[in-house]
Amino acid sequence: MSDVQLADWRNHALTLESEVNKVVVGQQTPIRLITTSIFARGHVLLEGDVGVGKTTLLRAFTRGIGGGYQRIEGTIDLMPNDLVYHTYLGEDGKPHVSPGPLLMSGENLSVFFFNEINRARPQVHSLLLRVMAERSLSAFNTEHYFPHMIVFADRNQVEKEETFEIPSAARDRFMMEIPIVVPNDDAIMEALVFDTKFHNVDALVDTVKPDVLQFDELNAFSSVIQSSIEASDTLKKYALNLWKATKTPLDYGVKVSGVDMNRLVLSGASPRGMSMMLRAARVNAWLNNRNAVLPDDIHAVFHSTIAHRLVFSPVYEMRRTEIAREMLSGIVNAVSAP
Amino acid sequence: MQALAIDSQTLPDVDEGVVSINTIDPYKRVGYTVGDVIEREVTLTIKAPYKLIETSLPIVGYEKRYRGKVIGIELKNIEHSKVEHKDYTTHQIKLAYQVFTNSVVAKNVALGPEYLNLINTKNKKQLVKYRIPSLDIAVSPLSIFGQVKVENNMSQFLEPLLIKDDQERKWLKVAISALAVSLLGLLYIFGKHAWLPRMGGSFAKAYRTIKKLPNNETGLKQAISAVHLSFNQTAKMSVFNDNLDEFIQNNPNFSHLKSEISQFFGLSRQVYFEPNAQHSVGNNPSQWLLQFTKQCRDCERGLIPTTIKAGV
């Protein structure tokens, strides 16, 4: 029964990927990673410039998995209660309260998109982190639950003015950080500019086949994946060595050009980070029609699940993206299995 | 010593018939030049009661003079042995002289004479001398003075002048050496069992290791691990299924084995990560792996490996 269920859901997942790939072109890797995070039930931090298609991507996925989609823009004056409710004067001249983006879809909320999260104050981060960790919220003397919610947040790494850097503890709550970059294929770039179907996002998203997945069944099926895909002792040892290497890369001979490796890493990947990596690796193995995790599955999710969790010395923070990329590539090259 | 020599010459000669002499002189008497060594063997038979005073034997390095001038013949070595009999004693004396003179024209020089002192054992006061006769030889100049046609001026006592072939012999040795190196190179390139450079490569070591491993599950695991290690050492990084193309791009010698390497990673996957997965190396993976490692060793040495079939 489980094998049939796994195969059936895999077909749905690949259909969803295919549908989204039709709408957002040239982003196969981010789409695969988002699919992975959806089935691993992990929150995602999207990193990319303005106008590269992040919102379109998420809307396409939301249409495919069903459920509610809510979005909020991070601004410096955004307060935590803005996520929970709105107050306004009604036509009757009396004050009214309406649910904010978090509460608007109720328990059916499946995707919550926080745009430019690093423009919001730490108080807002704090609220969001609780919602991400516990998938619940206390408001109006009631406990609200969002069991099917996945948070997608976006941050612009280029602009630094009027932003609040997300602390490492907050970054650690995200399963993945996925870079979204403009594809460098000339044909795709030309299509994005000249093909009119990409100009109307609403119409474009409407072309995605709706409800390919059942959003309210994803949690249960995610458990099936995690329990069905095996990890051998060799694989566990390999993952453990990768973890150790993120803490003490120099012990594994990993070097980054122009960086004092003795001072670089203040903290490697967290236990939560490694468990999330394994969750994602299991999903990747399942998507590739395998019954066990291979090193290749770990490699597929290693950068996106680990890079944002590394805590570097402040002097290297400005270059964290390139340093993390080079360091993690070095780790993958240095650690062997078996 | 000079005093002794003078004394020797002033002593009376020994009576005739007491000493008999036999000499073996060199056949060549002419054509000597500076540095040449001339040997002469003298055998003396001295009848009793006379005996040879051995301290009177010629001394090595003594410079003989004639009319106060060094003649340029120097005793280089002397060997003396004797055999005593009841009525006589036989002395064998080997004398080696060296020429230390030269001239622009040929000139005569003499080896000797040498004077030996004898004593009458019945009358200790009677000392006599015996003269070993000198041997005349001719010393030739190193180079011919003036323009002379050598062939017309050759002495019948000189051995014929042969054409020197030292250069030719040297080049022959060089050519033979180059040929030998080339043959070794060809043997290395075309040989199935190359044993020259790159012998100690990673895959060569792995091949030797795997040959000693037992043909069971544990042995197979160790063998796969050894091959993985060889790949990693060759690539100087960890090689996985997802960076095989990069490995082959950086190590084009292995491009002949692209499909076999994929098969190996399939086998590794089945053994180490996914027991339910299928591999495509046949029923005897250990044997296949041994052959595969040998192929990799050939690639490592720059050879083109022979293909193997699964299950060999």
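Every number in this text was worked out from the coordinates using simple rules, so none of it is lab data. Everything numeric in this text was worked out from a predicted model, so none of it was measured. Positions of Cβ are backbone-derived with ideal geometry, glycine not excepted, and every protein chain shown enters the neighbour counts.
Observations, loosely collected:
- Relative compactness, region A:177-259, computed as alpha-carbon Rg over 2.2 N^0.38 Å: 1.85
- Between the helical axis of A:122-134 and the longest alpha-carbon principal axis of chain A there is an angle of about 80 degrees.
- Other residues within the sphere of radius under 15 Å centred on the Cβ of B:Tyr66, judged by their own Cβ, net out at +1 (K and R +1, D and E -1).
- Listed residue pairs exceeding 22 Å between alpha carbons, taken from A:Lys255/B:Lys205; B:Lys212/B:Lys236; B:Lys47/B:Lys129: A:Lys255/B:Lys205; B:Lys212/B:Lys236
- Computed E for B:Lys28/B:Gln92 - FRET, C-beta separation, R0 22 angstrom, nearest 0.05: 0.50
- Most positive-pole-ward Cα, B:Gln222, B:Thr43, B:Ser238, against dipole of chain B from beta carbon charges: B:Gln222
- A prolate overall shape is assigned to region A:229-334, the ratio a/c of its alpha-carbon gyration tensor axes (a ≥ b ≥ c) being 1.5 or greater and a/b exceeding b/c.
- C-alpha long axis of helix A:28-40 to longest principal axis of chain A, angle in °: 80 degrees
- When the Cα atoms of chain A are aligned to their principal axes, the ranges along those axes come out at 71, 50, 48 Å in descending order.
- Exposed loop sites were defined as GluC sites (Glu not before Pro) in DSSP loop states (anything but H, G, I, E or B) carrying at most 11 other C-beta atoms within 10 Å; in chain A the longest segment without such a site runs A:163-338.
- Radius, Kirkwood style, for region B:41-98 when every pair of distinct Cα atoms is counted (Å): 12.9 Å
- Calculation over all alpha carbon pairs of the protein assembly as shown in 10 angstrom steps from 0 returns a P(r) of 3, 11, 15, 14, 10, 6, 4, 4, 5, 6, 6, 6, 5, 3, 1, 0, 0, 0 percent.
- Distance between modelled label sites at A:Val315 and B:Asp136, nm, 7 Å Cα→Cβ extension: 10.1 nm
- Each DSSP beta bridge with both residues in region A:19-216 is either parallel or antiparallel, and the antiparallel ones are about 30%.
- Each Lys and Arg Cβ is given +1 and each Asp and Glu Cβ -1; about its Cα centre, the protein assembly as shown then shows a dipole of about 3660 debye.
- Cβ-derived FRET efficiency at R0 56 Å, A:Ser136 paired with B:Asp245, nearest 0.05: 0.75
- Of all DSSP beta bridges in the protein assembly as shown, antiparallel share, percent nearest 5: 70 percent
- Loop-located trypsin sites (Lys or Arg not before Pro) in region B:234-312 (DSSP state other than H, G, I, E, B) with a sparse environment of at most 12 neighbouring Cβ atoms within 10 Å: B:Lys236, B:Lys309.
- Toward the positive end of the charge dipole of the protein assembly as shown, with +1 on the Cβ of Lys and Arg and -1 on the Cβ of Asp and Glu, the farthest Cα among A:Asn118, A:Ser304, A:Phe152 is that of A:Ser304.
- Annotation: average projected area of region B:1-138 is 8.6 square nanometres, based on the convex hull of Cα atoms across all directions.
- Kirkwood Rh and Cα Rg combined as Rg/Rh, region A:19-216: 0.98
- Remark: C-alpha extents of region B:202-300 on the principal axes read 33, 28, 21 Å, sorted largest to smallest.
- Normalised by the number of residues in chain B, the average gap of Cα pairs under 8 Å and 6 or more apart makes the relative contact order 13 percent.
- Of B:Tyr188, A:Ile229, B:Tyr130, farthest towards positive along the dipole that unit charges on Lys, Arg, Asp, Glu beta carbons give the protein assembly as shown: B:Tyr130
- Helix axis angle, B:285-300 relative to chain B longest principal axis, alpha carbon, degrees: 50 degrees
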